[in-house]
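Just below is one structure, and these are the notes that go with it.
The values are calculated or read from the model by the stated rules, or taken from the named source; none is laboratory data. Every value quoted in this text rests on a predicted model; they were computed, and no experiment measured them. Heads up, the Cβs are rebuilt from the backbone with ideal geometry, glycines too, and the neighbour counts pull from every protein chain shown.
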Number of protein chains: 2
Amino acid sequence: MPRKITSLQVAERAGVSQSAVSRVFTNGASASPATAAKVKKAAAELGYRPNAMARAMITGKSRMIGLVVAYLENQFYPEAVERLSNALQERGYHVLMFMASPTAGDGVQDVMEEILDHQVEGIVLASVSMSSSLSTRCAEHGIPVVLFNREQDDARMSSITTDNYGGGFAIGTHFAELGHKRIGYIAGFEEASTQRDRERGFRDGLAASGLELSAREAGNFLYADARAAALEMCAGTDRPDAIFVCNDHMAFAVMDALRFKLGLRVPEDISVAGFDDVPIAAWPAYDLTSYRQPINRMVAQTVEALMQRIEDPTRPAHRAKLEGALIQRGSTAPAKG
Amino acid sequence: MPRKITSLQVAERAGVSQSAVSRVFTNGASASPATAAKVKKAAAELGYRPNAMARAMITGKSRMIGLVVAYLENQFYPEAVERLSNALQERGYHVLMFMASPTAGDGVQDVMEEILDHQVEGIVLASVSMSSSLSTRCAEHGIPVVLFNREQDDARMSSITTDNYGGGFAIGTHFAELGHKRIGYIAGFEEASTQRDRERGFRDGLAASGLELSAREAGNFLYADARAAALEMCAGTDRPDAIFVCNDHMAFAVMDALRFKLGLRVPEDISVAGFDDVPIAAWPAYDLTSYRQPINRMVAQTVEALMQRIEDPTRPAHRAKLEGALIQRGSTAPAKG
């Protein structure tokens, strides 16, 4: 049933050679304006479109970017995926999705062959890391890699993050200014650079005011684990009076556990702060103080980093650490007394 | 820098013909076990992989499914995208993402050329519709289309939905059983089949108990619009005592507006029910009564519908209406008095 128009038919109708048709539809190839006009007219009349795959075979351009994501439950990622897809689509690229395990040491390993197989022109890793050997393979294939919201010590890969250290520091300072003394921290997945940087910044922010952590639990970036961590930390009498939770998704779990399981009030009994500033943080049910990641700028720089290295593979990787902003809302308040 | 191993090098090392190598790496093509073993050994030694694009040119199989989504803020869709990607990946397929406008009459129009251009083997439309003329083009190209969570009167497209009418009816019955008399409805995007079917079922469920709607506003499936609708409906003295909101995402906005703007209690002053049963509905801050969409079965049937028609294009479209379940939680309670 498929009724395909070929470039030969277009060439015949336009009265030009088949290779002229091909040149008109190949970016960067030359064809005279008169030839281009004739070919485009004939193509429109016949409903011809050069197919992307054939073009890709010739030019080596698939117009696809491989996006590796681990899980989409944390609202930060669907928002990023939506914005990234839209931004790439505006430039004629589309996102080819690959799902990786969030907790595997090298989440990309399983899907790497398929990514290369599809000849993507670039790769974005969202919340996953890549081993040095895979990074070498990507470099050998001339495929630029961008780490989105992750950092790694590998100069071949671009990375776009918020200043996670600075964000953690700002929360530490905020708690100190509110007069809190007993401070808790609920960590994300321990292997993630975001987790490490936020915790380091938070501890340094506290230390700058002569404070230190009095309680620490791990929530692994998961709602259920964060809930368990909150109960472990706050079910006894020696609970903290302020908790920094390593991302908003876990902070919602912590607030739910404190309020609805332990009968505590936020912020009256405990202040809670998160990180990301996802849309739900602004919903009145949570009204969560958070450190905002500048997601629009992160996406724009991710696209820039890809496009520049696709155009010029000799360019060095781009490593950006963007400034975010502390958004103070109702979940944090001055210490009592 | 790319250091590509060709099938000719593999053939030489294995001591077979180049076409034998090609047959070994083509699904469904025949090669003797002995030849296959020699070729695979040589390929492994050399690090050779047949590339997907070349294979696709020969076989017409891109191993890609085009997924058109409108927006990912409503948590139902990222969850669906994650599960769909995982399910397709298990079968060797990947999702190529296309973003469409959620409110355009034909949201797919803008991206249709690019979808066809990439020679996807199937198309899934999530929360978007497709005009009859585009459906005709897909049929002419032999590309099966599945509507996910939408229905249209077009026998060429498969559609996988929950029994939206039945779900709405169940909510209507639930409100009647709780003894509510003044009933409000907050609608989704008016053009969506899910909106129409849920409202029709809800009205019929009420009617079966001698009730009818006393207030109706439109929330267009958006948080901000649903908030405005809730204020319009409930800021005066003649407010309803139970509201069905056409999806959970909007129901959260309605609960937030009632509680934190109008100072009303849910469920003591107003019962609220939603539709979808997204993960947040179970969070204690909302504890939302909802009609659960069986998302695992919806995804499984979507994948089945695609695979069957990719294998056998003569198969008719598959139209499924899956039963969901009313999940009663704390946001609905018996009428007072």
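Could you please tell me which pairs satisfy a Cβ distance under 6 Å, a separation of 6+ or placement on different chains, a first residue in region B:296-313 that is in contact (Cβ under 8 Å) with a residue 12 or more places away in the chain, and a second residue that is surrounded by 17 or more Cβ atoms within 10 Å (Cβ to Cβ) and among the polar types (S, T, N, Q)?
B:Ala305/B:Ser158
Could you list all residues from region A:150-168 that are crowded, with 24+ Cβ neighbours inside 10 Å, under 30 Å from A:Pro334 (Cβ atoms) and not polar (S, T, N, Q)?
A:Gly167, A:Gly168
Which one of A:Ala228, A:Ala251, A:Ala282 is within 11 Å of chain B (Cβ to nearest Cβ) and not aromatic (Phe, Trp, Tyr)? Spell out how you get there, then give the answer.
Working: A:Ala228 fails: within 11 Å of chain B (Cβ to nearest Cβ); A:Ala251 fails: within 11 Å of chain B (Cβ to nearest Cβ).
Answer to the selection: A:Ala282.
Would you confirm whether any residue within region A:192-200 is part of a helix (DSSP H, G or I), within 23 Å of A:Leu264 (Cβ to Cβ) and without any contact (Cβ under 8 Å) to a residue 24 or more places away in the chain?
Step one: of region A:192-200, the residues part of a helix (DSSP H, G or I) are A:193-200.
Going one step further and asking which of them are within 23 Å of A:Leu264 (Cβ to Cβ), we end up with none.
For region A:192-200, residues part of a helix (DSSP H, G or I), within 23 Å of A:Leu264 (Cβ to Cβ) and without any contact (Cβ under 8 Å) to a residue 24 or more places away in the chain: absent.
Could you please find all residues in region B:205-241 being in contact with a Gly (Cβ under 7 Å, 6 or more places away or on another chain) and touching a residue at least 40 places away in the same chain (Cβ under 8 Å)?
B:Asn220, B:Phe221, B:Ala226, B:Ala229, B:Met233, B:Pro240
Can you name the helices (runs of 4 or more DSSP H) wholly within region B:1-101 that have at least 2 residues being at pLDDT below 90, under 30 Å from B:Leu116 (Cβ atoms) and not aliphatic (A, V, I, L, M)?
Details: elements: B:7-14, B:18-24, B:33-46, B:52-59, B:76-90.
Counting at least 2 such residues, we get B:18-24, B:52-59.
A:Ala176 passes all but one of (1) assigned to a loop (DSSP other than H, G, I, E, B); (2) more than 25 Å from A:Thr302 (Cβ to Cβ); which number fails?
The failed condition is (1).
Residues in region A:235-248 that are assigned to a strand (DSSP E or B) and within 14 Å of another protein chain (Cβ to nearest Cβ): how many?
Looking only at region A:235-248, we keep the residues that are assigned to a strand (DSSP E or B), and these are A:242-245.
Next, from what is left, pick out any that are within 14 Å of another protein chain (Cβ to nearest Cβ): none.
Final tally of qualifying residues: 0.
Which of (1) surrounded by fewer than 21 Cβ atoms within 10 Å (Cβ to Cβ); (2) within 26 Å of B:His118 (Cα to Cα); (3) more than 9 Å from chain B (Cβ to nearest Cβ); (4) among the small types (Gly, Ala, Ser) is the odd one out, the single condition A:Ser132 does not satisfy?
That leaves (2) as the condition not met.
Suppose we filter A:Phe189, A:Phe202, A:Phe175, A:Phe169 for residues that are outside the structural domain of A:Ala317 (by TED's automatic domain parsing), closer than 21 Å to A:Glu79 by Cβ and among the aromatic types (Phe, Trp, Tyr); which single one remains?
Every option except A:Phe189 fails the conditions.
Consider B:Gly219 carefully, then state whether it is modelled with pLDDT of 95 or more and either crowded, with 21+ Cβ neighbours inside 10 Å or in the same structural domain as B:Arg315 (by TED's automatic domain parsing) (or both).
Values: modelled with pLDDT of 95 or more: yes; either crowded, with 21+ Cβ neighbours inside 10 Å or in the same structural domain as B:Arg315 (by TED's automatic domain parsing) (or both): yes.
Judged against the criteria, B:Gly219 is a match.
Given the criterion over 21 Å from the mean Cα position of the chain (by Cα), small (Gly, Ala, Ser) and outside the structural domain of B:Asp204 (by TED's automatic domain parsing), identify the matching residue among B:Ser133, B:Ser127.
Values: B:Ser127 fails: over 21 Å from the mean Cα position of the chain (by Cα).
Exactly one of B:Ser133, B:Ser127 is over 21 Å from the mean Cα position of the chain (by Cα), small (Gly, Ala, Ser) and outside the structural domain of B:Asp204 (by TED's automatic domain parsing), namely B:Ser133.
Out of region A:281-301, which residues are out of contact with any Ser or Thr (no Cβ under 8 Å at 6 or more places or on another chain) and crowded, with 24+ Cβ neighbours inside 10 Å?
Selection gives A:Ser290 alone.
Can you confirm whether B:Arg259 is within 14 Å of chain A (Cβ to nearest Cβ) and touching a Lys or Arg at 6+ places or on another chain (Cβ under 8 Å)?
Values: within 14 Å of chain A (Cβ to nearest Cβ): yes; touching a Lys or Arg at 6+ places or on another chain (Cβ under 8 Å): yes.
So B:Arg259 fits the description; yes.
Could you tell me whether B:Gln301 is under 14 Å from the mean Cα position of the chain (by Cα) and not in a loop (DSSP other than H, G, I, E, B)? I'd like the intermediate steps shown before the answer.
Values: under 14 Å from the mean Cα position of the chain (by Cα): yes; not in a loop (DSSP other than H, G, I, E, B): yes.
Yes: the conditions hold for B:Gln301.
Collect the residues in region A:134-168 that are of a type outside the set (Ser, Thr, Tyr) and touching an Asp or Glu at 6+ places or on another chain (Cβ under 6 Å), keeping them in residue-number order. Before you say what the answer is, go through the steps one by one.
Taking region A:134-168 as the starting set, the residues that turn out to be of a type outside the set (Ser, Thr, Tyr) are A:134, A:137-157, A:160, A:163-164, A:166-168.
Correct list: A:Asp163, A:Asn164.
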